[in-house]
Amino acid sequence: MSFAKQSEHADEKDLELYLKHQLTNESISAIDAHLAGCQVCVNKLAERDKCLWYLAELTAAEDAADGDKRRYPRLATNEPASLQLLHPFSVDVWDARIVDVSEGGLRTHTPRRLMPGSLIRVKMQFSVACGDVRYCVPADSGFYAGVRLHDYFAR
């Protein structure tokens, strides 16, 4: 995949593979460069993520009936990760820590504030997840951000 002209747009399959982090580094760099200057493709990327999320939701289990507002239990962790904003798009990637995880989401500790509603990609050692930021609150030397997962892929 390469973009000969800035006016060309990324196709849906390439954007899906980009979300899953399943492209070569060269292709990822080409899409990063294109997304940095093409709002049409940034919007297509967000729509592609939304489609994948809706498909996953169709197969998700019903909410717990025991009165707990959480759909899935949380498991504490302290795993390294890297974050990238996909919508609004940024080529910047920064280090973060995964504080806890559940089947439907995760909580990160990040040095940067994340705006609620932002679409992000979280790269971990063996997987990549995409989701939207639900909240972001100050924490010791950074911020805690809750992320509702849309997509989760093995690397």
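Every residue, every condition in (1) crowded, with 17+ Cβ neighbours inside 10 Å; (2) in a strand (DSSP E or B); (3) of a type in the set (A, V, I, L, M), yes or no:
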site: SER82; (1), (2), (3): no, yes, no
site: VAL99; (1), (2), (3): yes, yes, yes
site: GLU103; (1), (2), (3): no, no, no
site: HIS109; (1), (2), (3): yes, yes, no
site: GLY131; (1), (2), (3): yes, yes, no
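Being closer than 23 Å to GLU47 by Cα and without any contact (Cβ under 8 Å) to a residue 60 or more places away in the chain is the filter; apply it to region 137-151 and report the residue that is surrounded by the fewest Cβ atoms within 10 Å (Cβ to Cβ). Within region 137-151, the match that is surrounded by the fewest Cβ atoms within 10 Å (Cβ to Cβ) is ARG148. Restricted to region 28-55, and to residues there that are of a type in the set (S, T, N, Q) and modelled with pLDDT of 90 or more, the residue that is nearest to PHE126 (Cα to Cα) is SER29. Pairing residues of region 1-14 that are more than 20 Å from ALA46 (Cα to Cα) with residues that are basic (Lys, Arg) and modelled with pLDDT of 85 or more, at Cβ distances under 6 Å and at least 6 apart in sequence or on separate chains, gives no pairs at all.
Considering the conditions (1) assigned to a helix (DSSP H, G or I); (2) without any contact (Cβ under 8 Å) to a residue 24 or more places away in the chain, ARG48 is excluded by exactly one of them, (2).
The values are calculated or read from the model by the stated rules, or taken from the named source; none is laboratory data. No experiment lies behind these values; they were computed from the predicted model shown. Don't worry about glycine lacking a Cβ; one is built from the backbone with ideal geometry, like all the others, and counts go over all protein chains shown.
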